[in-house]
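Q: Dumping the structure here so I can ask a few things about it.
The values are calculated or read from the model by the stated rules, or taken from the named source; none is laboratory data. Note that the coordinates shown come from a computational prediction; the quantities given were computed from them, not determined experimentally. As a convention, Cβ positions derive from the backbone with ideal geometry for all residues, glycine included, and neighbour counts pool all protein chains shown.
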């Protein structure tokens with residue numbers, strides 16, 4: 001739980017808010033997440049990360065317009081954290097993705113109602129990064 005508290009007390013939410021209101025930044029983030037997802041591995045998180053990718057992509061392209069801004073900001077913040085080389089536990093260390101996984105799961109949980117609503121309207125959420 002301390003990962004979440006540290007995350008919320010850092011500047012990730014501020015960065016995410018700036019990204020949420022800047023279409024160019026949001027599209028760049030979608031592109032970076034697509035590159036990240038094209039890697040091998042990722043295990044059990046692949047499906048959840050793919051959902052986040054589709055959600056962000058559809059907002060960035062205007063396909064999904066009736067979104068919850070708080071959920072969008074949390075998902076952007078978690079994505080920025082995941083993609084950042086600088087975080088609480090460097091990714092090159094053993095167990096380096098524990099903090100990333102914790103933050104992603106947290107973002108998915110706090111945004112679960114919004115993501116369920118999105119999935120009912122989702123256009124194409126296949127692996128197309």
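Q: Here is a list: 99, 87. Which entry is over 25 Å from residue 125 (Cβ atoms), outside any helix (DSSP H, G or I) and at pLDDT below 85?
A: Within the list 99, 87, the selection yields 87.
Q: Another one. From the list 45, 56, 82, 33, exactly one residue is modelled with pLDDT of 95 or more and either assigned to a loop (DSSP other than H, G, I, E, B) or surrounded by 17 or more Cβ atoms within 10 Å (Cβ to Cβ) (or both). Which is it?
A: Unique residue meeting the criteria: 56.
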